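**Q** To start, I am sharing the structure in question, which I have written as structure tokens.
Values quoted throughout were computed directly from the atomic coordinates according to the rules given, and no laboratory measurement underlies them. What you see is a predicted model; the values in this text were computed from it and never measured. Cβ coordinates were reconstructed from backbone atoms using ideal geometry, including for glycine residues, and neighbour counts include every protein chain displayed.
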């Protein structure tokens, strides 16, 4: 939720700390985003709240979790991994719903 809210308070390392070095996103537009492209976007864009619903978490392994939710007319899925004792997003995909 911190990424959606763009609120770094209480996050070790700020928003940068949430993104794995090998992060990749397949955006709803079809664009492929890297960690550095997302950080640049977050730095340049004003903060905006994004309503989220249908939020679910599924543990895939001890250190791997799948997070799914819907936001801004897009179904979203993220794979989070625990590295060095903290959770980071490794992969994200957005698929437009057509709504």
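**Q** Using every Cα-Cα pair within the stretch 25-99, state what percent have a distance larger than 22 Å. The partial results should precede the final answer.
**A** Working: 771 of 2775 pairs.
The proportion of pairs with Cα distances above 22 Å equals 28 percent.
**Q** For residue 57 paired with residue 37, estimate the spin-label separation in nm (one decimal), with each label point 7 Å from Cα along the Cα-to-Cβ line.
**A** Label at residue 57, label at residue 37, 2.9 nm between them.
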